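S.K.: The structure that follows is given in the form of structure tokens.
The values are calculated or read from the model by the stated rules, or taken from the named source; none is laboratory data. Note that the structure is a prediction, hence the values are computed from the model and not measured. Methodologically, a virtual Cβ is constructed for each residue, glycine included, from the backbone with ideal geometry; neighbour enumeration extends over all protein chains shown. Ligands, DNA and RNA are excluded from the accessible area calculation, which covers all protein heavy atoms including side chains. Shrake-Rupley method; radii C 1.70, N 1.55, O 1.52, S 1.80 Å.
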Amino acid sequence: MRFIADLHTHSKYARACSPALTLENIDAWCRVKGVDIVSAGDFTHTKWFEEIKEKLVPSGRESLYVLRDGGAPTSPPPIPLPKKPTLFMLGTELACIYSQGARKVRRVHHCIYAPSIKVAGEINAALLTRGCKLGSDGRAIIGMSSKELLKIILGIDPRNVMIPAHAFTPWFAIFGSNSGFDSIKECFEELTPHIFAIETGLSADPPMCWRVRELDRVALVSFADAHSLPNLGREATVFEGSESALSYDAIMEAIRNAAPAKLTQPPSPQPSPIKGEGVKKDPPPSVGGVRGGGGLRMSGTLEFIPDEGRYHYDGHRACKACLHPKETKKLGGICPKCKKLVTVGVLSRVEELANEPAGRVPLAHPQFWPLIELDKIIAEAEGVKGRSAKSVKKVYWDLVAKAGTELNLLLNLLPQEIAAIASPRLAEAIKRVRDGKVKIDPPGYDGEYGVVNIFDEQEKAAQKKLL
Ligand SMILES: [Zn+2]
Ligand SMILES: [Zn+2]
């Protein structure tokens, strides 16, 4: 069986996030999107954690939760909900701001996971004891190093996990051009073996990461980092296995085992556990062989086309300067309009860190599938500007109701099944997205999303004549 997990989500309490991001709404929207497992998001936030404790109950799958009966979504999808409840994992994102080494300021975001509400509470308590302010932003800003934070969470429970978030984005990431590091090792030093995955982020995909040899050691995961309900599942990680195998440990083990180096080599010994401050915890239970996690396997990721991501190219949003890394180099990193330094995006950063040629493929790796949200595809097929147009929404909900879930339509339905429910033009658009035959022009840069073009100018003109 296939499970789709989106393990980087936020709540209504995180900066720049929609007030509709409640547990009830997240549960409902994941069901129509086709996301099986979602992060409860922002568990470090004081008020949100109260809601988590009140509303989430054990699911019957070890360390995964479901919403308690009774709560109703305030922004319900306008179609009947698939029956299967969404599974919640305890997750949060933290922003570490600190100085280390040559750079004065490091700003690095990390996704943190805990195997239970109890352990998440212990993490919160440990951070509060150290003076961290957890009550203001859902994505709490803490004045401690990535390494210190990792040490704390592993000391509380060795099953806790840290995954560096949107790893190459310029401002807040482990490899960010502005305040990041040049390697995982530089950031985590002797604790490096405990980092077994990175989140590639919207502006990067696995082939870009394969140019950096160090990353063969880690799994490349993708999650949506949704700031609103419609963006849930826009990137996700896919697991295969029997339903009975599903658990927090099995998911983490499957991720751990999806690193290219692990897929091609015999298992290496686990890193020794960090000595905690509290009671000595048992090591994590053994969960299966090297290729799986208790029968669960990470088969791949659903990927935003990286050019569409908000930091793919370099440039200045305010100056409308969108630059390919080669142009940036020619210009000496200076914006042609305002003459200040440009924001260096993900493509440039990968090029800088690369020690493998473009096109290099590791011997073994999980798969990846290009993904564009269905409402964007509909807008493009219908020749409508904007995914939130009324006419787009009508088609969207009609199709999702017929297909069961959005991701089922985008990933699984056969061409003839799509043809039976969608217009020929929309069916063609979905096919082109599946085949990766999509042009993103201009690409994303300095916080601006890239523009999706599924049909070329000639095709668009012909469509306009028909309307
Ligand atoms: Zn972040
Ligand atoms: Zn400028």
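S.K.: Once you keep just the Cα pairs under 8 angstrom separated by 6 or more residues, what percentage relative contact order results for the chain?
M.R.: 15 percent
S.K.: Additional query: Using the alpha carbon gyration tensor of the chain, what are the three equivalent-ellipsoid semi-axes (square root of 5 times each eigenvalue), largest first, in whole Å?
M.R.: 33, 28, 22
S.K.: Also, quick follow-up: Please work out the C-alpha center-to-center distance from the stretch 315-373 to the stretch 70-134 and express it in whole Å.
M.R.: A separation of 29 Å, based on Cα centres.
S.K.: How much FRET efficiency would the formula 1/(1 + (r/R0)^6) give for residue 423 and residue 228, where r is the Cβ-Cβ distance and R0 is 35 Å, rounded to 0.05? Show your work: numbers first, answer last.
M.R.: On the way: r = 27 Å, r/R0 = 0.76.
Using R0 = 35 Å, I get an efficiency of 0.85.
S.K.: To continue, here is another question. Under the 0.36 nm per residue contour assumption, what length would be gained going from the current alpha-carbon distance of residue 72 and residue 171 to full extension?
M.R.: 31.9 nm
S.K.: For the stretch 1-79, what is the accessible area per residue in Å², given a 1.4 Å probe and the full set of protein chains?
M.R.: 38 Å²
S.K.: Find the relative contact order for the stretch 160-228 and round it to a whole percent, using C-alpha pairs within less than 8 Å whose residues are 6+ positions apart. Write down the numbers at each step before the final one.
M.R.: Numbers: 100 pairs, mean separation 18.8, N = 69.
Over the stretch 160-228, the number comes to 27 percent.
S.K.: Add -39500 (n - 2.57) for each DSSP H run of 4 or more in the chain, then divide by its residues: what number comes out at 222 nm, to the nearest 500 deg cm²/dmol? Kindly include the intermediate steps, with their values, before the conclusion.
M.R.: On the way: 15 runs with 133 residues, N = 467.
Here the helix-only value at 222 nm equals -8000 deg cm²/dmol.
S.K.: Next question. Tell me the label-point distance for the pair residue 330, residue 2, using the 7 Å Cα-to-Cβ offset, in nm and rounded to one decimal.
M.R.: So the two model labels end up 4.2 nm from each other.
S.K.: Next question. For residue 384, what accessible area in Å² do you get when you roll a 1.4 Å probe over the heavy atoms of the protein chains, rounding to the nearest 10?
M.R.: Ignoring ligands and nucleic acids, residue 384 comes out at about 40 Å².
S.K.: Further question: Evaluate the distance, in nm, between pseudo-label points positioned 7 Å from the Cα of residue 414 and of residue 319 along their respective Cα→Cβ axes.
M.R.: In this crude label model, residue 414 to residue 319 measures out at 5.5 nm.
S.K.: Can I ask one more? Using 0.36 nm times the number of residues separating residue 83 and residue 355, minus their current alpha carbon distance, what extension gain do you get?
M.R.: Answer, rounded to one decimal: 93.1 nm.
S.K.: May I pose another question? Is the shape of the stretch 420-467 rounded, prolate or oblate, going by the alpha carbon gyration tensor and its root eigenvalues a ≥ b ≥ c, with a/c under 1.5 for rounded and a/b larger than b/c for prolate?
M.R.: Since a/c reaches 1.5 but b/c is at least a/b, the shape of the stretch 420-467 is classed as oblate.
S.K.: List the trypsin sites (Lys or Arg not before Pro) within the stretch 1-99 that DSSP assigns to loop and that have no more than 14 neighbouring Cβ atoms inside 10 Å.
M.R.: Answer by residue number: 15, 68, 83.
S.K.: Now a separate question. Give, in nm to one decimal, the length gained when the segment between residue 394 and residue 57 is fully stretched (0.36 nm per residue of separation minus the Cα-Cα distance). Don't skip to the answer; put the middle values down first.
M.R.: Numbers: separation 337, 0.36 × 337 = 121.32 nm, distance 3.44 nm.
Computed gain between residue 394 and residue 57 is 117.9 nm.
S.K.: Picking from 365, 116, 13, whose Cα lies most toward the positive end of the charge dipole for the chain (charges on Cβ: Lys, Arg +1; Asp, Glu -1)?
M.R.: Positive-end residue among those listed: 13.
S.K.: Out of the stretch 371-440, which trypsin sites (Lys or Arg not before Pro) are coil in DSSP terms and have no more than 11 other C-beta atoms within 10 Å? Please report the intermediate quantities before stating the final value.
M.R.: On the way: sites: 376, 385, 387, 390, 393, 394, 402, 425, 431, 432, 434, 437, 439; in loops: 385, 387, 437.
Passing both the DSSP loop test and the Cβ count: 385, 437.
S.K.: Another question about this same structure. Give me the percent of DSSP beta bridges within the chain that run antiparallel, rounded to the nearest 5.
M.R.: DSSP beta bridges in the chain are roughly 70 percent antiparallel.
S.K.: Sticking with this structure for a sec: Give me the dipole magnitude in Debye, nearest 20, for the stretch 75-155 about the Cα centre, with unit charges on the beta carbon: positive for Lys and Arg, negative for Asp and Glu. Working shown, then result.
M.R.: Values: 12 positive and 4 negative charges, 45 e Å.
For the stretch 75-155, the charge dipole is close to 220 debye.
S.K.: Among the DSSP beta bridges whose two residues both lie in the stretch 1-112, what percent are antiparallel, rounded to the nearest 5?
M.R.: Details: 12 of 17 bridges.
Within the stretch 1-112, antiparallel bridges account for around 70 percent of the total.
S.K.: Sequence gap at least 6, Cα distance under 8 Å: using those rules, report the relative contact order of the stretch 373-467 to the nearest whole percent.
M.R.: 26 percent
S.K.: Same structure, new question: Sort 1, 162 by accessible area with a 1.4 Å probe, largest first.
M.R.: Of 1, 162, the descending order of accessible area is 1, 162.
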